[in-house]
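Here the structure is laid out as structure tokens; the discussion comes afterwards.
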Amino acid sequence: MRYAENIAELVGNTPLVRLNRVASSTRATVLAKIEYFNPGSSAKDRIAARIIEAAERDGLLRPGGTIVEPTSGNTGVGLALVAQQRGYRMVFVVPDKFAGEKVAVLKAYGAEVVMTPTSVPPEHPDSYYSVSDRLAREIPGAFKPNQFANAAGPRAHYETTGPEIWRDTAGSVTHFVAGVGTGGTITGTGRYLREVSGGAVTIVGADPEGSIYSGEIGRYLVEGVGEDFWPETFDPSVVDRYERVGDRESFAMTRRLAREEGLLVGGSSGMAVVAALRTARDLGPDDVVVVLLPDHGRGYLSKIYDDDWMRAHGFADLVVEPDHGIPDH
Ligand code: PMP
């Protein structure tokens with residue numbers, strides 16, 4: 001018999017798949033690492049397991065304890081499915097702009113969700129940060145993972161994502177491309193690939209226009225990547241160079257990935273693929289570019305994949321009206 005003891009055991013070992021139509025003009029091989037194959041549908045499952053294991057080892061989390069974290073999405077799901085297996089209570093603090101499907105998913109996993117107003121500054125007592133700090137202080141046995149400062153995040157990618165890419169490309173990867181949110185993915189994976197290859201792998205950070213990592217701070221819509229501060233989990237020395245990508249290009253590519261590659265992924269995946277194709281442009285047939293696609297597209301059906309939302313946000317030109325060949329009357 002071949003089976004897992006529980007769902008959390010199935011985190012990691014996600015597949016690589018070649019990009020075909022969207023990469024047709026490049027001579028290099030472009031391989032996408034599909035993180036939605038994780039049981040919680042994102043790369044964040046990897047850090048959740050390591051963060052919880054480290055907290056147990058360090059005595060920060062004991063049987064019957066409660067995990068309190070401000071999160072609106074993928075990290076919450078990852079924490080929920082690991083926490084649930086181990087009998088912890090979960091309280092997630094969510095800004096109200098994320099109301100809807102993502103909150104419903106967290107509740108479906110058995111988490112308690114505390115909604116906070118988006119329109120107050122971080123220092124306000126009702127803000128997402130203040131409320132989660134207060135709950136972490138007041139709930140007995142509470143543990144706050146703090147994904148932007150927890151070293152178990154980059155370590156998870158150093159110990160799993162990096163070795164998987166090296167193994168599955170039989171050591172022939174030449175470029176690694178990933179978006180940067182907490183920086184855990186690129187820091188851990190990039191560091192491993194640089195070390196194991198003796199510096200032969202080039203590490204490219206995909207970054208939204210408007211993120212601090214590659215230029216001026218501004219507004220952008222792609223979720224989960226870019227920041228307006230430098231988190232402790234990000235080691236910028238791992239990145240050889242950045243590709244800065246605007247929302248328009250990111251969303252256009254996200255929709256193409258679904259329609260042309262059968263990959264229903266989130267906006268940060270489209271952004272990363274744009275950066276990977278720019279990277280591959282000048283490369284030859286011996287080059288192997290691996291690009292990490294962080295999450296599934298189901299969380300974006302009412303946004304990037306919704307034509308009305310796209311039109312309302314200035315992307316009407318990216319909405320392709322199907323031609324049914326049936327007259328309109
Ligand atoms: N894409 C999405 C959708 C994410 O949720 C995240 C995590 N914030 C990232 C990309 C970036 O990953 P990391 O935090 O490891 O830099």
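The values are calculated or read from the model by the stated rules, or taken from the named source; none is laboratory data. Here the structure is a predicted model, which means the values were calculated and not measured. Note: ideal-geometry Cβ built from the backbone for every residue, glycine included; neighbour counts use all protein chains shown.
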- Message: Being within 15 Å of the ligand (Cβ to nearest atom) and in contact with a helix residue (DSSP H, G or I) (Cβ under 8 Å, 6 or more places away or on another chain) is the filter here; which residues of region 259-275 pass it?
- Response: 263, 264, 265, 266, 267, 268, 269, 270, 271, 273, 274
- Note on the structure: If we ask which residues in region 253-281 are buried (at least 24 other Cβ atoms within 10 Å of the Cβ) and either without any contact (Cβ under 8 Å) to a residue 12 or more places away in the chain or outside any helix (DSSP H, G or I) (or both), their number turns out to be 2
- Query: Just one of the numbered conditions (1) surrounded by 19 or more Cβ atoms within 10 Å (Cβ to Cβ); (2) at positive phi is not true of residue 73; which one?
  - Reply: (2)
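Among what's in region 59-76 and is within 16 Å of the ligand (Cβ to nearest atom) and not small (Gly, Ala, Ser), pick the residue that is farthest from residue 134 (Cα to Cα).
Restricting attention to region 59-76, the residues satisfying the condition of being within 16 Å of the ligand (Cβ to nearest atom) are 69-76.
If we keep only those that are not small (Gly, Ala, Ser) as well, we get 69-71, 74-75.
Values: 69: 11, 70: 11, 71: 15, 74: 23, 75: 20 Å.
The extreme case among them is 74.
Going through 75, 66 one at a time, which residue ends up being modelled with pLDDT under 95, in contact with a Lys or Arg (Cβ under 9 Å, 6 or more places away or on another chain), of a type in the set (Val, Ile, Thr) and more than 30 Å from residue 172 (Cβ to Cβ)? First the steps, then the outcome.
Details: 66 fails: modelled with pLDDT under 95.
Result: 75 is the single residue among 75, 66 that is modelled with pLDDT under 95, in contact with a Lys or Arg (Cβ under 9 Å, 6 or more places away or on another chain), of a type in the set (Val, Ile, Thr) and more than 30 Å from residue 172 (Cβ to Cβ).
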- Note on the structure: Across (1) surrounded by fewer than 24 Cβ atoms within 10 Å (Cβ to Cβ); (2) more than 17 Å from the chain's Cα centre (by Cα), residue 193 clears everything bar (1)
- Exactly one of 148, 176, 143 is surrounded by 16 or more Cβ atoms within 10 Å (Cβ to Cβ), touching a residue at least 24 places away in the same chain (Cβ under 8 Å) and more than 16 Å from the ligand (Cβ to nearest atom), and that residue is 143
